[in-house]
C-alpha cells in the first residue's frame, strides 16, 4: 500500500491532508497517531475511495498495485477492510448474520459457503453463535467486534482500523490486540491507544494538522516526551514499565 503526496480539502476549503506520503509493506502493522483533527480518519477513508474527490487526486493512493480511482473501486474495496470509528455507522442489517454476510454476498458467496464464512469470522472475534442477535441490542464493544467480523470475512489484504479498541473493556482490548497480531493482513491503525501501538505495531506515523510530523519505531517515537507533548499526546505508561524492566534485567 502506498500513499504519495495525498492532499484533501473539505467542502469549506479547509485543508485536511497536506501532501501525505508513506508506504505500508505486506503484513506490516503501522500506527497512525496524533491529536484529534490531525487527519487520521480522513486519511483512512481515502484508502478505498469513500471521500468524493477528483480522480486525479485519488490516484495518490495505491492498494495492491491498483490506483484508488473510480474504475478500480471494486478491486480496491475487496482488498481494503475499513473499520469505522463508530460501529453504528457500519451496522445496518436486522441481524448480526446479515451484517457479516453483506460483504461476501457482494462477492457472490451464498449458501453453505456463506454460512461457514460468517461462522468462522464471528468465532475469530469471540462472538461464535451470535448470528441471530439483533445488532442494536449489543453492547458497543460487541458491535465493534461484529464490524470487525464483517471486515475479516472478506479476507482483505489491508486492514484500515479507526480507533479499534474504543469502547472495549480491558479483557476485550487484550483479546483484540491478540487477534490483530495473528492476522496476516497489513494493518494501518489510527488510534489514541498508545499501549496498542507499543504492543502491536512495528512503526508509528505521527500526524498533526494534515502533515506527517515524524515516523519510526513506536518505542523511539513515543519515548520522545517533548515531541509527544508538542502534538497533544503523552508518553505511555507501558514505556516507563518496559524501561524500568529493562534496567532490572
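The values are calculated or read from the model by the stated rules, or taken from the named source; none is laboratory data. The structure presented is a predicted model; accordingly, all values stated were derived computationally and were not measured. Using ideal geometry, Cβ is built from the backbone for each residue, glycine included, and neighbour counts are taken over all protein chains shown.
List of remarks:
So that you can scan it fast, the table gives a plain yes or no per residue for (1) in a loop (DSSP other than H, G, I, E, B); (2) in contact (Cβ under 8 Å) with a residue 12 or more places away in the chain; (3) closer than 15 Å to residue 151 by Cβ:
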site: 11; (1), (2), (3): yes, no, no
site: 32; (1), (2), (3): no, yes, no
site: 48; (1), (2), (3): yes, yes, yes
site: 92; (1), (2), (3): yes, no, yes
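- Among (1) part of a loop (DSSP other than H, G, I, E, B); (2) at pLDDT 90 or above; (3) over 20 Å from residue 120 (Cα atoms) - the single one residue 167 does not satisfy: (2)
- For segment 109-125, residues that are buried (at least 16 other Cβ atoms within 10 Å of the Cβ) and over 17 Å from residue 84 (Cα atoms) total 8.
- Among residues of segment 111-131, those that are without any contact (Cβ under 8 Å) to a residue 40 or more places away in the chain, in contact with a helix residue (DSSP H, G or I) (Cβ under 8 Å, 6 or more places away or on another chain) and under 20 Å from residue 141 (Cβ atoms), counted: 8
- Residue match in segment 170-183 (condition: part of a strand (DSSP E or B) and touching a helix residue (DSSP H, G or I) at 6+ places or on another chain (Cβ under 8 Å)): no
- Flag if residue 146 is within 27 Å of residue 63 (Cα to Cα), out of contact with any strand residue (DSSP E or B) (no Cβ under 6 Å at 6 or more places or on another chain), without any contact (Cβ under 8 Å) to a residue 24 or more places away in the chain and surrounded by 16 or more Cβ atoms within 10 Å (Cβ to Cβ): no
- Figure legend. Inter-residue proximity from segment 63-75: first residues at positive phi and touching a residue at least 24 places away in the same chain (Cβ under 8 Å), second residues surrounded by 18 or more Cβ atoms within 10 Å (Cβ to Cβ) and in a loop (DSSP other than H, G, I, E, B), beta-carbon distance below 9 Å, spacing 6+ or different chains. Indicated pairs: 64/1.
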